[in-house]
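Here is the structure we will look at.
The values are calculated or read from the model by the stated rules, or taken from the named source; none is laboratory data. Just so it is clear, the model here is predicted, and its values are computed rather than measured. Cβ placement follows ideal geometry from the backbone for every residue including glycine, while neighbour counts extend to all protein chains displayed.
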Amino acid sequence: MSAVNAPSYDASSRQPDGIRQVRALPRRRPGEVFAAVALAGPAMALLLVLFILPVVAIVAVAVTDWQFGTRSLNFIGLANFRAIFADDIFLASLRNTAIYVSIVMPGTVLGGLAIALLIESGDSLRGFYRAIHFLPFMATLAAMATVWEALLHPTIGLVNNTFAAVGLPTANWLRDETTVLPVLAVIGIWQNLGFAMVLFLAGLKSIPQDLYDAADIDGADQWLDRLITVTLPMLGPIAMFVVVVVALRAFEAFDTVQILTQGGPGHASELLLHTLYRESFEFLRAGYGAAITVVFLVIAITLTLIQARLIDKRVHYQ
Amino acid sequence: MSRADHRLSWPVAMARHALLLAGSGLMLLPFVWMISLSLKPPEEIFRSSFSLLPQHWYVIENYAKALTAAALPRYMANGVLVCASILALQILICAPCAYALAKLEFAGRDLLFRLVLVGLLIPHQVLAVPLFILGYRVGLLNSYAALIFPFVVSPFGIFLFRQFFRSIPDEIVHAARLDGLSELAIVWRIMLPMAMPTIVAFSILSVVAHWNDLFWPLIAVKSPKLMPPALGVVIFRGGEASTEYGPLMAGAVLVILPLVLAFIVVQRWFIEGLTSTSLK
């Protein structure tokens, strides 16, 4: 993504030997235009039809009264947006999503960081620990959600049986308004922790050994000293990046809600993407669903732009 | 590696293993429980005493039921077909475009690349309603094509391949042209073979994403004959009484098995592919 802000295409090295040029002159080889159309054309046409136009369409639907199957279409301005922001279910969904992200994000980032530091602090069984912690990220979440349902089953679930055995409070985790969202968040952390971990492991590998040697000479030879003076400061940029990526993934949570709770009980676990799906495809309220989609898009784009900015920063540091 | 010149004293090393083993236990718990339930008969599942292994093994019954009652082999075959088609089309469509963006000079190139970057910003779920309507109008819904068409072009794929192609020296392209290769031949016979690490990384991301995807299949297909694995599990769970944990867990094991096995065999590729593509 570093190219976002750096549109330099090293033009001087692009032309055949002997043709020195100061600036990129387009169409030096006339054949290249033809080749470019042939090679890039299909992808660009599809990008237009499958990405750009649908986004335009969804914004258009959001500001009209269009419904599935109707032919009439009137501009109604922001009425759909006023409607969703007056809707308790949408507001609950927005609030739940914020809570969900604010549990999953720190839980995943801190957990992933801790595991990465522990793995990197020794020599033995690194690959083994890395693989195990990464496994949940790979496994089909829809299938694993059914396993979590069995684990959380009120009478035969392992969680309640274990909690009861050691004297902890038990609950009907997925049917209780107070527990359902935190429990979904725990599943979210379980799934994404390994992802944060591998990103941190990559970050740890990129810290130059010189810095540790220098810290040694300065007397920072204890593990904790090295952690505070070298490791954590050097991980700063990548940690910011992991925070945003994990926030984005948490923001797009859908499978566990759809399979385990359907947003219930009483909309206590309604998350934005699930609300979007329900309004658009179950209740078939096109304009309403489109307005939610636009809100979803705006938040997602904001997070992605922050992420792109952070990658640029990271590149500058090196 | 290089940091290991600070040898851990043995209590510290033991503490490291203790913490990591505890973490591993928590991570693996759902997998262990899934396998355990998939081996047990219903009466043992509903007995609330804890035991990892069954008293009466019920493996054949559970797995046979998952394979027959739920059309699980069909879902998995659908998954293979859909993932393979998506990946093949993505590479076929994105690689030439990435080459044009990386190595050719033409007016509008920067504009096209901006279009790709805009595509990168858009979460795919946002496109669901317009793509659903498009699929309906063209008569694609409820078919394999419906599962495939939204993903045939990947802005991320174009971006990734462009980044790699840019790192290949121009001299190689010039030499190939002097040898009389067409631009398309340069993409297939020179560029892509050199881009193997990028292809592997992109393939892993693509296959994992689409094997596990639930959101779009839920919208695009209604016929159980067409369903990919993630959606198949959901239907299996809803279709049977959801108290049939044994077969359901057996089904879950079978659905996650291909990716987990692939991951165990080529762990390095998965993790390196994922980190390199996330950070570049």
### Query
If you check A:68, A:85, which single one turns out to be touching a helix residue (DSSP H, G or I) at 6+ places or on another chain (Cβ under 9 Å) and in the same structural domain as residue A:134 (by TED's automatic domain parsing)?
A:85
### Query
In region B:19-46, what residues are small (Gly, Ala, Ser), farther than 18 Å from residue B:64 by Cα and surrounded by 15 or more Cβ atoms within 10 Å (Cβ to Cβ)?
B:23, B:24
### Query
Just a yes or no: is a residue in region A:144-163 polar (S, T, N, Q), more than 9 Å from chain B (Cβ to nearest Cβ) and touching a residue at least 12 places away in the same chain (Cβ under 8 Å)?
no
### Task
Would you mind listing the helices (runs of 4 or more DSSP H) fully within region A:191-274 where at least 1 residues are closer than 30 Å to residue B:231 by Cβ?
A:232-251
### Message
Name the residue that is surrounded by the fewest Cβ atoms within 10 Å (Cβ to Cβ), counting only residues in region B:235-261 that are of a type in the set (A, V, I, L, M) and at pLDDT below 90.
### Response
B:241
### Task
Quickly run through region B:59-88 and pick out the residues that are crowded, with 22+ Cβ neighbours inside 10 Å and in a loop (DSSP other than H, G, I, E, B).
B:70
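Here is a list: B:101, B:141, B:192, B:117. Which entry is touching a residue at least 12 places away in the same chain (Cβ under 8 Å), of a type outside the set (Val, Ile, Thr) and closer than 30 Å to residue A:70 by Cα?
The unique qualifying residue is B:141.
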### Task
Look at residue A:294 and say whether it is in the same structural domain as residue A:191 (by TED's automatic domain parsing), at pLDDT below 90 and among the β-branched types (Val, Ile, Thr).
no
### Task
Return only the number of the condition from (1) at pLDDT below 80; (2) touching a Leu at 6+ places or on another chain (Cβ under 7 Å) that residue A:116 does not satisfy.
(1)
### Message
Looking for something under 16 Å from residue A:249 (Cβ atoms) and crowded, with 21+ Cβ neighbours inside 10 Å - is there at least one such residue anywhere in region A:144-167?
### Response
yes
### Summary
Residues of region A:159-190 being among the polar types (S, T, N, Q) and outside any helix (DSSP H, G or I), in sequence order, are A:170, A:172, A:178, A:179
#### Entry: Scope region B:206-240; condition assigned to a helix (DSSP H, G or I) and touching a Gly at 6+ places or on another chain (Cβ under 7 Å); matching residues
B:211, B:220, B:229, B:233, B:236
#### Entry: The listed residue being touching a helix residue (DSSP H, G or I) at 6+ places or on another chain (Cβ under 8 Å), under 20 Å from residue B:38 (Cβ atoms) and in a helix (DSSP H, G or I), out of A:131, A:142
A:142
### Query
In region A:58-79, how many are within 20 Å of residue B:131 (Cβ to Cβ) and not hydrophobic (A, V, I, L, M, F, W, C)?
4
### Query
Just a yes or no: is a residue in region B:173-187 away from chain A (no Cβ under 11 Å), β-branched (Val, Ile, Thr) and either surrounded by 17 or more Cβ atoms within 10 Å (Cβ to Cβ) or under 21 Å from the mean Cα position of the chain (by Cα) (or both)?
no
